[in-house]
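Participant: Handing you a structure now.
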Amino acid sequence: MEAEPPSTPSSSGSHPCVVRPDLELLEQVLDQLEISSFRDSRGRLGTRWPCFSLFFTLSDEEEVFSARTIYDHCFSVDDKPVLCTVLDEWNRDTTGLKGYTATDDDGSVLVVSEAMMRIDGGVTREQFAASTTVWLGLAGSFHLWLTQRLSHAGLTGEPL
């Protein structure tokens, strides 16, 4: 008798353990973690921490779940080469969360980090909750690492 291959969820997410995440499910996960959240003007679900804001998005068209963190210090364009060198170090040595710079219309440079995963086939509720929890922890860890590295590089930035 031949063994059957393990069943995999279909791309429609019809497997009974698979869910199609939405912002309401994300709010439930954050409530279970006892993390307060808010909705911004762009419809993103966010959390606020002492040194950064983290925004979650669920893209219907790309079927991607992402967490984008914006850190509370801005830098000048002249600081960008040093920032990029520091962020390259993080991106080279770690996985799961990538850091980059974003330049505002006024010329100020912000540090942003982002994590994402495809959800086109659906995910289990546990996988969704675990990814959310890991990304929250990584955002805090990245902030601590970044603060130390920028201090060594002689950059502190201006508070937002």
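Laboratory data are not the source of any read-out in this text; all were calculated from the coordinates shown. Predicted, not measured: the structure shown is a model, and the values here were computed from it. Glycine also receives a Cβ, built like all others from the backbone with ideal geometry; neighbour counts cover every protein chain displayed.
Participant: If I ask for residues that are out of contact with any helix residue (DSSP H, G or I) (no Cβ under 8 Å at 6 or more places or on another chain) and of a type in the set (Ser, Thr, Tyr), which ones from segment 45-61 would you list?
Facilitator: We begin by selecting, within segment 45-61, every residue out of contact with any helix residue (DSSP H, G or I) (no Cβ under 8 Å at 6 or more places or on another chain); these are 46, 48, 50, 53, 55, 57, 59-61.
Ser53, Thr57, Ser59, listed by residue number.
Participant: From the residues in segment 76-125 that are exposed (fewer than 13 other Cβ atoms within 10 Å of the Cβ) and among the hydrophobic types (A, V, I, L, M, F, W, C), which one is farthest from the chain's Cα centre (by Cα)?
Facilitator: Once the filter is applied, the top-ranked residue is Val77.
Participant: Something else now. May I ask you to say which residue of Asp120, Asp105, Asp78 is over 18 Å from Thr156 (Cα atoms) and either free of Cβ contacts under 8 Å to residues at least 24 places away in the same chain or not charged (D, E, K, R) (or both)? Let's see the steps before the verdict.
Facilitator: Numbers: Asp120 fails: either free of Cβ contacts under 8 Å to residues at least 24 places away in the same chain or not charged (D, E, K, R) (or both); Asp78 fails: over 18 Å from Thr156 (Cα atoms).
Checking each option against the conditions leaves just Asp105.
Participant: Sticking with this structure for a sec: Those residues that are within 15 Å of the chain's Cα centre (by Cα), within 15 Å of Ala139 (Cα to Cα) and part of a loop (DSSP other than H, G, I, E, B), I need them from segment 36-50; list them, please. Show your work before the answer.
Facilitator: Taking segment 36-50 and keeping what is within 15 Å of the chain's Cα centre (by Cα), we get 37, 44-49.
Right, trim to within 15 Å of Ala139 (Cα to Cα) and you get 46-49.
Once the filter is applied, which keeps residues that are within 15 Å of the chain's Cα centre (by Cα), within 15 Å of Ala139 (Cα to Cα) and part of a loop (DSSP other than H, G, I, E, B), segment 36-50 yields only Trp49.
Participant: Let me ask something else about it. Among the numbered criteria (1) without any contact (Cβ under 8 Å) to a residue 12 or more places away in the chain; (2) part of a strand (DSSP E or B), which single criterion is violated by Ser151?
Facilitator: (2)
Participant: Here's a follow-up. Look at segment 49-72 and say how many of its residues are surrounded by fewer than 12 Cβ atoms within 10 Å (Cβ to Cβ) and either in contact with a His (Cβ under 8 Å, 6 or more places away or on another chain) or over 25 Å from Gly122 (Cβ atoms) (or both).
Facilitator: Qualifying residue count for the region: 1.
Participant: Criterion first (under 20 Å from Glu24 (Cα atoms), buried (at least 18 other Cβ atoms within 10 Å of the Cβ) and free of Cβ contacts under 8 Å to residues at least 60 places away in the same chain) does Ala129 satisfy it?
Facilitator: Details: under 20 Å from Glu24 (Cα atoms): yes; buried (at least 18 other Cβ atoms within 10 Å of the Cβ): yes; free of Cβ contacts under 8 Å to residues at least 60 places away in the same chain: no.
Here the answer is no, as Ala129 does not meet what is asked.
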